[in-house]
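The values are calculated or read from the model by the stated rules, or taken from the named source; none is laboratory data. These numbers come from a predicted model, not from an experiment. Reconstructed Cβ throughout: ideal geometry from the backbone, glycine too, with neighbour counts over all protein chains shown. Quick note on the areas: whole protein, heavy atoms, side chains included, nothing else; ligands and nucleic acids left out. Shrake-Rupley method; radii C 1.70, N 1.55, O 1.52, S 1.80 Å.
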Amino acid sequence: SKSLSDEENMKLFGKCNNPNGHGHNYKARLLISLLFSLQIDPVSGMVINLTDLKEYMQEAIMEPLDHKNLDKDVPYFAEVVSTTENVAVFIWENLKKLLPMGILYKVKVYETDQNIVVYKGEETISE
């Protein structure tokens, strides 16, 4: 965090506090809402076309984040600490712009098998 001293960063982030960065292989899962307000297409039987969803995921997640140094290559993280929580918010906000209103229910980001963040808009739940 740019707002903390080197000592404060080390205390807060431990081994993740590396001036040259460190890598993660994040996994993200999206849950699409099947609320009563959403219509299932009678022809396709889908709320959203899966081909379209894959394209939205490519644009919202893979293009801006895949094989990138989040702190150096992604403008959003120039001012926002690149924690898993903030990665989940970034994905949510990007997808929300592309998906039909009300369809995105939650984003689940796995930093590791033990460090998982679930984000549902303004509500964040750690698992």
Accessible-area order (highest first, 1.4 angstrom probe) of the listed residues Asp6, Asp66 = Asp6, Asp66
Report in % the part of the accessible area of segment 26-119 that belongs to carbon and sulfur, leaving out ligands and nucleic acids; probe 1.4 Å.
-> 55 percent
Averaged per residue, what accessible area in Å² does segment 26-119 show with a 1.4 Å probe, protein chains only?
-> 64 Å²
Charge tally for neighbours of Met62 with beta carbon under 11 Å away, counting Lys, Arg as +1 and Asp, Glu as -1, is -2
Throw me the Rg/Rh for segment 26-119, computed over C-alpha atoms with Kirkwood Rh, two decimals.
-> 1.01
Here the gain from full extension of Glu93 to Gln39, 0.36 nm per residue of separation minus their alpha-carbon distance, amounts to 17.2 nm
17 Å Cα-Cα reach of Lys72 towards lysines, excluding residues that sit fewer than 8 places from it in its own chain = Lys2
Computed lengthening from Asn25 to Thr51, 0.36 nm per intervening residue step minus Cα-Cα distance = 7.0 nm
